[in-house]
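Report on the following structure.
The values are calculated or read from the model by the stated rules, or taken from the named source; none is laboratory data. Keep in mind the model is a prediction, meaning the values are calculated, not measured. Virtual Cβ from ideal backbone geometry, glycine too; neighbours counted across all protein chains shown. Protein only, heavy atoms only, side chains kept; ligands, DNA and RNA dropped before computing areas. Shrake-Rupley method; radii C 1.70, N 1.55, O 1.52, S 1.80 Å.
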Amino acid sequence: MKHVKALAIKFVSSLVLLSLILGLLFDMAFSNIFLITLVLGVAAYLIGDLMILPRTNNTVATIADFGLAFLIIWFMSENLTYGDNHFSMSLIAAIGVAIFEYMFHKYVANNVIKNQGGKKQQTGQLQYQTEASEELLAPVRQDVRSSNEENKKPQ
């Protein structure tokens, strides 16, 4: 149920944000904005929020979501609409989505990932420990032989 609630929050917020940016600034049709928001919401939730965020930190997940949003918005606006300014439109919309995603990742980390399945999730702070030994490794000189080898010389 936590995932459904998080997806609903992400979808509605992204729909409002992209309607403001793509609809008002670039005059895109609402049906195209709805399709872009649907694809972007599901892809960004699965990739950015459930795969990247638990393994890294908020900054890395936000950068990944920015790239994903830029590619999805650019590709879908190129195929769904007519016009010549798809790059700047996608860039501005992806920046807006990235700012929203930065705040949404905090919600996901605290409410969805935190107690998921009773497993402890790492939040980006990996701690490594080095082990050292006190063994002395010294090479054996070749001119030193044991007494047994001297007695077994062929004559």
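Structure above, values below:
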read-out: THR37 being out of contact with any strand residue (DSSP E or B) (no Cβ under 7 Å at 6 or more places or on another chain), within 26 Å of ASN79 (Cα to Cα) and among the hydroxyl-bearing types (Ser, Thr, Tyr); value: yes
read-out: Qualifying residue in segment 13-27 (condition: open to solvent by less than 30 Å² (accessible area, probe 1.4 Å), acidic (Asp, Glu) and either modelled with pLDDT under 95 or farther than 30 Å from GLN127 by Cα (or both)); value: no
read-out: Given (1) open to solvent by 20 Å² or more (accessible area, probe 1.4 Å); (2) under 17 Å from the mean Cα position of the chain (by Cα); (3) of a type in the set (Gly, Ala, Ser), number of the condition SER31 does not satisfy; value: (2)
read-out: Residue match in segment 80-99 (condition: modelled with pLDDT of 95 or more, open to solvent by 30 Å² or more (accessible area, probe 1.4 Å) and of a type in the set (Phe, Trp, Tyr)); value: no
read-out: Any chance LEU53 is open to solvent by less than 80 Å² (accessible area, probe 1.4 Å) and within 19 Å of ALA94 (Cβ to Cβ); value: yes
read-out: GLY83 out of contact with any Pro (no Cβ under 7 Å at 6 or more places or on another chain) and either among the acidic types (Asp, Glu) or within 30 Å of MET1 (Cβ to Cβ) (or both); value: no
